[in-house]
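Written below as structure tokens is the structure these notes are about.
Each value in this text was obtained by applying a stated rule to the coordinates, not by laboratory testing. Because the structure is a prediction, the values reported are computed rather than measured. Glycine gets a Cβ as well: all are built from the backbone with ideal geometry, and neighbour counts include every protein chain shown.
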Amino acid sequence: MEAYETSLDPADAARLQAVLRTRIDLTNSLTTAPELVAGLDVSYEVGTQRTAAAAVLMELQTLEIRETAIAYGEATFPYVPGLLAFREAPILLEALEKLAARPGVLVCDGYGIAHPRRFGLACHMGVLTGLPSFGVAKSPFGSAFDDPGPRRGEWAPLVEGGEMVGRVLRTQTGIKPVFVSVGHRIGLDQATDLTLTMSRQYRIPEAIRKADFLSREALRKPPKRWV
């Protein structure tokens, strides 16, 4: 993994984002389904800048958790729409580096290329780690879309500027859809299939559902340096 600059201002971050975007590989590089996937998520303590990031390493076929890691920190980058990765990537990288095993794919709670500048959190994490990555978001981020059919597995295009940048995917019949977009070194068909594989019981893929739960739990049990 690359070193990460944490002292950028928004203007510098936007310029770096443009540079990193040129390094996205949108070819389909997975020849087989990965054995292990890592779900990533960050939670924020209300009223402070304290954060906890969780990385959950999961066996794709069984959805059994192989390993988890937590990283604590404080957000130093301001909340700027379109630059969320600069708040979350540093602590997510820290959590990911604590895992003993290397995942085959990263799945982020957020967006990949379905982003105003085509470089969301999943792209950011994929480029910095070199790992295939994609994002699954709970709500739209400005792109136009129609609702997919009501059954599990049905999808509709997620369109931005006339370009299809992802899919609105129904992971459970009769439940509102999620928003899938590729980040790095993976195809949209593969990202869709992996999302469905990890969403056997719930709307949200199990890897990021568990990461969300663990990051929230971690904030309830803060490290001693915060006490």
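Is the shape of region 1-133 best called rounded, prolate or oblate, per the rule: a/c under 1.5 gives rounded, else a/b larger than b/c gives prolate, else oblate, with a ≥ b ≥ c the square roots of the Cα gyration tensor eigenvalues? Oblate. When the P(r) is computed for region 142-209, the part past 20 Å accounts for 23% of the Cα-Cα pairs. Highest mobility in the GNM of the chain, judged by mean-square fluctuation with C-alpha springs under 10 Å and restricted to VAL178, VAL46, VAL159, is found for VAL46.
The alpha-carbon of LYS176 sits under 24 angstrom from the alpha-carbons of these lysines, leaving out residues fewer than 8 places away in its chain: LYS138, LYS210. Tell me, what does the Kirkwood hydrodynamic radius of region 10-220 come to in angstroms if you use every pair of distinct C-alpha atoms? This gives a value of 16.9 Å.
Which value, in debye to the nearest 20, describes the size of the charge dipole of the chain about its Cα centre when Lys and Arg Cβ atoms bear +1, Asp and Glu Cβ atoms bear -1, and nothing else is charged?
Working: 26 positive and 26 negative charges, 88 e Å.
Roughly 420 debye, rounded to the nearest 20.
Packing-wise, with mean Cβ within 10 Å as the measure, how do 15-22, 135-142, 69-76 rank, highest first? Write out the running numbers ahead of the final one.
Values: 15-22: 13.8, 135-142: 19.2, 69-76: 17.4.
Descending mean neighbour count gives 135-142, 69-76, 15-22.
Of the residues SER215, VAL105, PHE134, the one whose Cα sits farthest toward the positive end of the charge dipole of the chain, with +1 on the Cβ of Lys and Arg and -1 on the Cβ of Asp and Glu, is SER215.
What is the sum of charges, Lys and Arg at +1 and Asp and Glu at -1, for the other residues whose Cβ falls under 10 Å from the Cβ of ARG66? Before the final figure, lay out the partial values.
Working: positive: none; negative: GLU35, GLU59, GLU64, GLU67.
In short, -4.
Just so you know, the Rg over Rh for region 112-179 is 1.01, from Cα atoms, with Rh as the Kirkwood radius.
In debye to the nearest 20, how big a dipole does region 96-227 give about its Cα centre with +1 on each Lys and Arg Cβ and -1 on each Asp and Glu Cβ? Could you put the intermediate results ahead of the total?
On the way: 20 positive and 12 negative charges, 151 e Å.
In debye, rounded to 20, region 96-227 gives about 720.
Build a GNM of the chain with springs between Cα atoms under 10 Å: which of LEU96, LEU188, LEU121 gets the top mean-square fluctuation? Between LEU96, LEU188, LEU121, it is LEU188 that shows the largest mean-square fluctuation.
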